[in-house]
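Enquirer: Below is the structure I would like to discuss, written out as structure tokens.
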Amino acid sequence: MASPVAVATQGGLGRAWDVVWRARRLVERNVLVYRHQWIVILSGVAEPIFYLIGIGMGLGGLVRTVGLPDGRSISYTAYVAPALLATAAMNGAVFETIFNVFFKLNFRKTYDGILATPMGISEIAIGEMLWALMRASLYAVSMLVLMTALGLILSPWALLTLPVTLFVAATFSATGLAGTAFLRTVQDFDIPMGLIVMPMFLFSGTFFPISAYPIPIQVFMQATPLFHSISLIRGLTTGLMGLEQVWDFAYLVGFFSLAMVIAMRRMERKLIK
Amino acid sequence: MSGAPGDALVRARKLTKRFGSFTAVDGIDFDVRPAEAFGFLGPNGAGKTSTMRMIACASPVTDGDLAVIGMNPASQAREIKARLGVVPQVDNLDTELTVRENLEMYARYFDIPGSVARSRADELLEFVQLAERAKDQVEPLSGGMKRRLTIARALINEPQLVILDEPTTGLDPQARHLLWDRLYRLKQRGATLIITTHYMDEAEQLCDRLVVMDKARIVAEGSPLELIERYATREVLELRFGDVKRASLDGQLQGLAERVEELPDRTLVYTDDGEAALDEVHRRNIPVQSALVRRASLEDVFLSLTGRSLVE
Ligand SMILES: Nc1ncnc2c1ncn2[C@@H]1O[C@H](COP(=O)(O)OP(=O)(O)OP(=O)(O)O)[C@@H](O)[C@H]1O
Ligand SMILES: [Mg+2]
């Protein structure tokens, strides 16, 4: 069996594209499953909107404006919205790849059936990522539409927000896939959710600049992908683009590649005996 | 691509599967010829499923050579799998899809166009008698119905080689006979079948040739008839003694036949003339509760080779 990692790294772009093209079948499958469950996906659309209204407007009444490093002052809602956008992309991707993939991997044996067809592990892994990406992009697009309607887009750089948000979603879906193959029991879910996703959401400069926290927390947070996702997307929507955002992007590219390699290895380990 | 070496559709040489330090398949050799039905028999844990999974490209070969339809599972899994139908020992249907969606979606993995997929799904649902359940979810189906759906799914790509790991376990007699009939017709059309089963009648009915595996090795190979001739006598006298302690009978059965096999519930006397042996039992005044003379079957072969009764 050709290692998916080998296929992805040595097989050349043509073969990599073939895998992605065949992986669309898994997206097709997930569409079929979710055809009866659109409400689940819609609730994911609503969540960041509730956050934006609840926290952005609520806290915005107290905080009103936030000063940016370049001297401008922007409304608190405009400050928080891009962070919620990044978080929505993360949640869409992570929930799909952690919860749903875990059950298919461990209890439903869905992949064992699929692997008896010409589909391989690379197709399955990439198919799940593509699907998570589609789900996350739905969240991202609806947030972007809302932000535009509320006048929270402050810079022409924002044209890049959609592709960047998709890349952020790709990074988190690869991360989720890598993580889920390590989980053994349903109880294990509490670890990534409670110890990683939640604190990242709170401390990554989502609601306040991270300078509000003690140095050790700041250093730690700068190592997380959500911090860089928020910093990058906030840069785009507010027009605060600089070297820092270049570094954010480079960091995310590196993180994405690493997560991909781990995800493929783990899926292979888990499914091939 | 085509033209497997030596005309075999599946060819294994010193084929080995290890899980860690445990050897599940220990250097076995076999050839499956095109358009034949080839059986794997053997007690639980003999290594049948491990072998089937290697052929199906679901499990990497640890050692030795394996060619499936002339191709190497290690490098051409996708090409091989496109031409296989697989019924795994344990059903792995897509429980998030309906009965019909299971078939149609599976067809899509094989790149079968939607319209063809739909008509094949119709035909197969009819065949496995699940047409009325087409719109139902999979989970609430009975065990036998799930099995039938798994079988239908394996045929969606009109496979050249069908691998069936205990296909009829859990099926009622009518469904079993229907499946035998269908498999027979598949073979007539040129498909090759590889089957494992614990039902000896099934093996005799379906298999042109078979191997018996025991403890990771192949211990015998041949057609059902050849195996019966080689490993059993023509007839078998089955004796039941009721409450009488059989240990005390040991001596009394001596010299009666070539071989005497003690099972928990009965004693098997292997002989070419069952009636004569029974007369001798009566002449010796051995207190039998009931006696039956029958032709030897694969079950007797199995028993003599593995020392185990099939029905565990
Ligand atoms: N994934 C695995 N990891 C470790 N050991 C395994 C694994 N799969 C099978 N084995 C071992 O390999 C041996 C052969 O198993 P296999 O499933 O091939 O037997 P089988 O002949 O199909 O038996 P049965 O009639 O019960 O289906 C068993 O001892 C089993 O425990
Ligand atoms: Mg088995």
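Enquirer: Helices (runs of 4 or more DSSP H) wholly in region A:170-273 with at least 2 residues that are surrounded by 17 or more Cβ atoms within 10 Å (Cβ to Cβ) - which ones?
Expert: Ranges flagged: A:198-203, A:225-238, A:243-271.
Enquirer: From the list A:LEU271, A:LEU240, A:LEU258, A:LEU183, which one is farther than 17 Å from A:ALA136 by Cβ and within 14 Å of chain B (Cβ to nearest Cβ)?
Expert: After applying the criteria, what remains is A:LEU271.
Enquirer: Might you let me know whether region B:142-155 holds any residue that is at pLDDT 95 or above, within 21 Å of A:ARG25 (Cα to Cα) and within 7 Å of another protein chain (Cβ to nearest Cβ)?
Expert: no
Enquirer: In addition: Could you please give the count of residues in region A:71-128 that are within 14 Å of chain B (Cβ to nearest Cβ) and over 21 Å from the mean Cα position of the chain (by Cα)?
Expert: 16
Enquirer: Spot the failing condition for A:HIS36; the list is (1) surrounded by 14 or more Cβ atoms within 10 Å (Cβ to Cβ); (2) without any contact (Cβ under 8 Å) to a residue 24 or more places away in the chain; (3) within 14 Å of chain B (Cβ to nearest Cβ), and only one is missed.
Expert: Condition not satisfied by A:HIS36: (1).
Enquirer: Which residue pairs have Cβ atoms closer than 9 Å, lie 6 or more positions apart in sequence or on different chains, and pair a first residue in region A:11-30 that is hydrophobic (A, V, I, L, M, F, W, C) with a second residue that is modelled with pLDDT of 95 or more and in a helix (DSSP H, G or I)?
Expert: So the pair list comes out as A:LEU26/A:ILE114; A:LEU26/B:TYR109.
Enquirer: Here is a follow-up. If you check B:VAL86 against the conditions, is it within 12 Å of another protein chain (Cβ to nearest Cβ), under 23 Å from the mean Cα position of the chain (by Cα), among the aliphatic types (A, V, I, L, M) and surrounded by 21 or more Cβ atoms within 10 Å (Cβ to Cβ)?
Expert: Details: within 12 Å of another protein chain (Cβ to nearest Cβ): yes; under 23 Å from the mean Cα position of the chain (by Cα): yes; among the aliphatic types (A, V, I, L, M): yes; surrounded by 21 or more Cβ atoms within 10 Å (Cβ to Cβ): yes.
Answer is yes for this residue.
Enquirer: Next question, about the same structure. Looking at A:ALA93, A:ALA116, A:ALA136, A:ALA86 in this structure, which one is within 20 Å of A:VAL27 (Cβ to Cβ), touching a Ser or Thr at 6+ places or on another chain (Cβ under 6 Å) and of a type outside the set (D, E, K, R)?
Expert: Result: A:ALA93 is the single residue among A:ALA93, A:ALA116, A:ALA136, A:ALA86 that is within 20 Å of A:VAL27 (Cβ to Cβ), touching a Ser or Thr at 6+ places or on another chain (Cβ under 6 Å) and of a type outside the set (D, E, K, R).
Enquirer: For region A:129-158, give me each residue that is surrounded by fewer than 20 Cβ atoms within 10 Å (Cβ to Cβ) and within 14 Å of chain B (Cβ to nearest Cβ).
Expert: none
Enquirer: Which condition from (1) out of contact with any Ser or Thr (no Cβ under 7 Å at 6 or more places or on another chain); (2) surrounded by fewer than 20 Cβ atoms within 10 Å (Cβ to Cβ); (3) in contact (Cβ under 8 Å) with a residue 24 or more places away in the chain is the one that B:ASP181 breaks?
Expert: (3)
Enquirer: I've got another one for you. Examine region B:58-75 for a residue that is crowded, with 22+ Cβ neighbours inside 10 Å and in contact with a Gly (Cβ under 6 Å, 6 or more places away or on another chain), and state whether such a residue exists.
Expert: no
Here's the yes/no breakdown for (1) within 12 Å of ligand 1 (Cβ to nearest atom); (2) part of a loop (DSSP other than H, G, I, E, B); (3) within 27 Å of A:ARG108 (Cβ to Cβ); (4) at pLDDT 95 or above:
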| residue | (1), (2), (3), (4) |
| --- | --- |
| B:GLY39 | no, no, no, yes |
| B:PRO43 | yes, yes, no, no |
| B:THR51 | yes, no, yes, yes |
| B:MET54 | yes, no, yes, yes |
| B:CYS57 | no, yes, yes, yes |
| B:VAL86 | no, no, yes, yes |
| B:THR95 | no, yes, yes, no |
| B:MET105 | no, no, yes, yes |
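The values are calculated or read from the model by the stated rules, or taken from the named source; none is laboratory data. Source: prediction; values computed, not measured. Cβ: placed from backbone, ideal geometry, glycine included. Neighbour counts: every protein chain shown.
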